[in-house]
Amino acid sequence: MADPVRKDTPMTEVQVEALVVMRIIKHATSAYPAPATGCLVGMDVAQQLQVTNCFPFPASVPEGSASTDPYHQADANSLAAAAPRAKSNIAYQNEMIKYLREVNVDAQNAGWYMSASMGNFVNQNFVENQMFYQKAADETSVALVFDVARTSQGSLNLKAYRLSPAFMAAYKEGKFTTESIQKSNLRYQDIFVELPIQIHNSHLLTSFLHQLPQPLPEKTALDFPASLADLRQDPNISSNPFAPNLDNLDLSIDPFLEKTCDLLLDSIESHQVEQNNAQYYQRSLGREQAKITAWQQKRKQENALRTQQKQPLLPEDEWQKLFKLPQEPSRLDALLIGRQVEQYTRQVDGFSATVSAKMFGVRGNLLPGEIA
């Protein structure tokens, strides 16, 4: 048996059992488009966190709410996103872990999971949930994010994140002012730390998977099909998962690329709103400081006149009672929006690479007068 991880050893990798991945996929797809959240259990070995089991949190829906009502649906989504730190779910989680321990199953809390769509998981709820699990100094927990929309394309999209030590220190202080961010050199890229994920199968399951591929056809060469319909109906090709996919020949723009661009524009607009709020604060602060400076100069002139007339001086710090400086808004939302914009740009980069490759591949046919 491997030695347990030392508390001063950083975690560098996450190993997830295939059964856990299947349970997360089933829970996320059944709850879509609402977010699905649940608890992860496992154990930490050396520098690796092994996630061996999981269970979903109970769905929290307001009583008397109709699923077709968009306002009630928004409330249900908010409750689902905040489920990992709800008091009722904390008691439920502790009870489930106790039952798992009784049947001799790994019962160490390994974090939580949630589902997302097109990478829209960077928000206040996600940070607060992960902070709830990661607030202890010796806690080794991760947040697994399963993207339902990206996985629907045929490739599993599962990411593991932890909050960076710099962001945790700033979040515990609760100060996200411009001055504190400049002192700590905190950037939106430093909010999360992504860890590599390994999908683990048992030896029996691995042996079974190696027996799934069908044997190669006896013929050394396949007959050329007469039409695309014959190509689709050929059993030797349609049943072979390694055969070329005809969908790859489609030159239309990826719908996921269009949706990601729309979400990117929405995030940029939200970032512009945060910038306008910061500029409004700077203007309000400048106006109040100008009023304070004018008042102080006037009070100094009055005291100079009183000194000449040998009268008692007026207090010069009375401006603190007369004027109130505006409170600087938190810059946390701006950091999270910046990190979300980065997430969308990475997706656009991945989607556009495939589309661009197709366009360059058929450039010679689209532009006959030019040399490809």
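Just so you know, all these numbers are worked out from the coordinates, no wet-lab data involved. All figures in this text were calculated on a predicted structure; none of them were measured in a lab. All Cβ positions, even for glycine, are placed from backbone atoms using ideal geometry, and neighbour counts span all protein chains on display.
Over all pairs of distinct alpha carbons, what does the Kirkwood formula give as the hydrodynamic radius of region 120-197, in Å? Mind showing how you got there, number by number?
Details: mean 1/r = 0.0721 Å⁻¹.
Hydrodynamic radius (Kirkwood, Cα pairs) of region 120-197 is 13.9 Å.
With unit charges on the beta carbons (Lys and Arg positive, Asp and Glu negative) and the dipole taken about the Cα centre of region 255-364, which residue among TYR280, GLN301, GLN311 sits farthest to the positive side?
Positive-end residue among those listed: GLN311.
For each of ASP44, ASP317, count neighbouring Cβ atoms within 10 Å of the residue's Cβ, then give the residues from fewest to most.
Ranked by crowding around the Cβ, least crowded first: ASP317, ASP44.
Label 7 Å along Cα→Cβ of GLU302; region 311-337 residues with amide nitrogen under 18 Å?
311-324
Of the options MET96, ILE191, MET118, report the single residue whose Cα projects farthest towards the positive end of the charge dipole of region 13-203 (beta-carbon charges: Lys, Arg +1; Asp, Glu -1).
Of MET96, ILE191, MET118, it is ILE191.
What ranking do SER164, SER141 get, fewest neighbouring Cβ atoms within 10 angstrom at the top?
Neighbour counts put them in this order, fewest first: SER164, SER141.
Over region 255-364, consider all pairs of different Cα atoms and compute the Kirkwood hydrodynamic radius from their mean reciprocal separation; express it in Å, one decimal.
Radius from the Kirkwood sum: 18.9 Å.
Using a simple spin-label model with points 7 Å from Cα along the Cα→Cβ vector, what separation in nm is obtained for LYS87 and ALA166?
3.7 nm
Round to the nearest 0.05 the FRET efficiency obtained for LEU325 and ILE199 when R0 = 35 Å and r is the Cβ-Cβ distance.
After rounding to 0.05, the efficiency reads 0.05.
Which FRET efficiency value, to the nearest 0.05, do you get for LYS310 and SER184 by plugging their Cβ-Cβ distance into 1/(1 + (r/R0)^6) with R0 = 41 Å?
Computed FRET efficiency for LYS310 and SER184: 0.20.
Over all directions, the average projected area of the alpha-carbon convex hull for region 13-203 comes to how many nm²? Can you show the working numbers first?
Numbers: hull surface 51.7 nm².
It is 12.9 nm².
Between ALA46 and GLN124, what is the FRET efficiency for a Förster distance of 30 Å, r being their Cβ-Cβ separation, to the nearest 0.05?
Calculated transfer efficiency: 0.35.
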